[in-house]
Amino acid sequence: MRRHALPLSVLTAVALSLLFALPVDARDESAVRGEAFARAHCARCHALGPRGASPMREAPPFRALARGFPIDDLADVLTEGVDRRHPAMPDFRLGPAEASDLTAYLKALRR
Ligand code: HEC
């Protein structure tokens, strides 16, 4: 019995840390890339982050989008092209990876 106590607890700890650490890390990295993308392409009109008004008054702050917009639809909206939804915005057509990074970033804003 005693022989198994240590290896089992070590195995459990490793399994648990893999289970919890991996997805969290992946999500955070994706959110970080999404934020960089937003900073480069969206920040001149939309307010990013938890505070502040948008540079362009008509553009909703991203934190408001994060709360009000069905975020899981956002990736579709972004890859489809946002131009059709609101003509004031430049014609964005994101790749699936960019769209999912941006979505991860918006989800992180919601917390
Ligand atoms: C040139 C200014 C400008 C830039 C750059 C810009 N936006 Fe917008 N965006 C707007 C304005 C203005 C609105 C709100 C007015 C409207 O819906 O017509 C808006 C609204 C939105 C909405 C809500 C759409 C809807 O149908 O309700 C989303 C989502 C959005 N923007 C995402 C983005 C993302 C993601 C980026 C960067 C890749 C971006 N925007 C860059 C001006 C901009």
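With respect to the conditions (1) modelled with pLDDT of 85 or more; (2) exposed (fewer than 13 other Cβ atoms within 10 Å of the Cβ); (3) more than 8 Å from the ligand (Cβ to nearest atom), E58 lacks only one, and its number is (3). A search for C-beta distances below 9 Å between a residue of the range 31-54 that is more than 15 Å from D101 (Cα to Cα) and any residue that is among the charged types (D, E, K, R) and not in a helix (DSSP H, G or I), counting only pairs 6+ apart in sequence or on different chains, returns C45/E58. If you take the residues in the range 27-55 that are over 11 Å from the mean Cα position of the chain (by Cα) and among the basic types (K, R), which one is farthest from the ligand (Cβ to nearest atom)? Out of the qualifying residues, it is R51. Among the residues of the range 28-81, the ones that are more than 15 Å from G95 (Cα to Cα) and in a loop (DSSP other than H, G, I, E, B) come to 22 in all.
The values are calculated or read from the model by the stated rules, or taken from the named source; none is laboratory data. Please read all numbers here as calculations on a predicted model, not as lab measurements. All Cβ positions, even for glycine, are placed from backbone atoms using ideal geometry, and neighbour counts span all protein chains on display.
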